[in-house]
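Structure, as C-alpha cells:
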Amino acid sequence: MLIRTATRSDMDALIALYGDVCDAMIGTPLDCLWRRGEHPSDVMIADAVCAGTLTIADDGGTVAAAVIVNGEYDASQDPGMPWIVPCSPEKMAVIHVLASAPAYRGAGVARELLLHVIDKARAEKMHTVRLGVALNNTPAVKLYETCGFIRICEGVRIFGGQAVPAAAFELPLI
C-alpha cells in the first residue's frame, strides 16, 4: 500500500470513493449523514487536492482510503472547547473525512493512513491532531481511541441539515 498526496488525476477515483462510502452508510447504524456529492462535496475534495491536503492509500492504482488534513477546525461548533493543547491553526493538524472504500473495510487501511498522518504531523512539528466524529460511527471512534486520541467532549454536529451526536478528539503531540 502506497500512502501519498492525492493529485488531480485521482479526482474521479476520490469522488467515486467518497460517494461509495456515503451510499454504503445510508440506512445503517453507521449513517452519519454523509451524502454523495454533498458532504464531502466534490468542491471540498477538489479544493483539498489543489491545496495538497488530501492523502490517499493507493493499492496498485486503486484508491483504498482517503483523508483531508489541514489546520481548519470550526470552533463555532465547539465554543469553549477544553482542548488539551491550546495552539494556533498553524500548529494543529485537523482530520476531515477519513474514509475507507467499502471493499477495504476491516483491512487496516484506515489505521495505516491515520498513523501516516500522525507521523507526518509529528515530523512537521505540529502540537496536536484534532478531529470530530459522529458517535454512531463506532469503527471510527474505536480507531481513534486505539491510536491514542483522547475524547475531549461530546455534543451535536450538523450534517445534512440534521443534528448528529458527535465527539471531539485530540492527540497531543507535545
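Of the residues that make up region 55-76, is at least one farther than 24 Å from PRO165 by Cβ, without any contact (Cβ under 8 Å) to a residue 12 or more places away in the chain and touching a strand residue (DSSP E or B) at 6+ places or on another chain (Cβ under 9 Å)?
yes
When you go through (1) surrounded by fewer than 21 Cβ atoms within 10 Å (Cβ to Cβ); (2) at pLDDT 95 or above; (3) within 27 Å of PRO172 (Cα to Cα) one by one for ALA93, which number turns out not to apply?
Single failed check for ALA93: (1).
ASP74 versus (1) at pLDDT below 95; (2) surrounded by 13 or more Cβ atoms within 10 Å (Cβ to Cβ); (3) among the charged types (D, E, K, R): which is the lone unmet condition?
Looking at each condition in turn, ASP74 falls short on (2).
Taking interchain pairs and intrachain pairs at least six residues apart, which have beta carbon atoms under 7 angstrom, with the first residue in region 25-45 and at positive phi and the second assigned to a strand (DSSP E or B) and surrounded by fewer than 16 Cβ atoms within 10 Å (Cβ to Cβ)?
From residues that are at positive phi, the pairs are LEU33/GLN162.
So that you can scan it fast, the table gives a plain yes or no per residue for (1) at pLDDT 95 or above; (2) assigned to a strand (DSSP E or B); (3) basic (Lys, Arg):
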{"site": "SER9", "(1), (2), (3)": "yes, no, no"}
{"site": "ASP12", "(1), (2), (3)": "yes, no, no"}
{"site": "LEU17", "(1), (2), (3)": "yes, no, no"}
{"site": "GLU38", "(1), (2), (3)": "no, yes, no"}
{"site": "VAL49", "(1), (2), (3)": "yes, no, no"}
{"site": "ALA57", "(1), (2), (3)": "yes, yes, no"}
{"site": "VAL63", "(1), (2), (3)": "yes, yes, no"}
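Counting just the residues of region 96-132 that are among the β-branched types (Val, Ile, Thr) and under 19 Å from ILE56 (Cα atoms), which one comes out surrounded by the fewest Cβ atoms within 10 Å (Cβ to Cβ)? Don't jump to the end; show me each part of the working.
Within region 96-132, the first condition is being among the β-branched types (Val, Ile, Thr), and the residues that meet it are 97, 109, 117-118, 128-129.
Retained after the next criterion (residues that are under 19 Å from ILE56 (Cα atoms)): 97, 109, 117-118, 129.
Working: VAL97: 17, VAL109: 19, VAL117: 20, ILE118: 20, VAL129: 26.
Once the filter is applied, the top-ranked residue is VAL97.
Among the residues of region 141-161, how many are modelled with pLDDT under 95 and among the aliphatic types (A, V, I, L, M)? Walk me through it before giving the result.
Taking region 141-161 and keeping what is modelled with pLDDT under 95, we get 152-161.
Narrowing the set further to residues that are among the aliphatic types (A, V, I, L, M) leaves 152, 156, 158.
So the answer is 3.
The values are calculated or read from the model by the stated rules, or taken from the named source; none is laboratory data. Note that the coordinates shown come from a computational prediction; the quantities given were computed from them, not determined experimentally. As a convention, Cβ positions derive from the backbone with ideal geometry for all residues, glycine included, and neighbour counts pool all protein chains shown.
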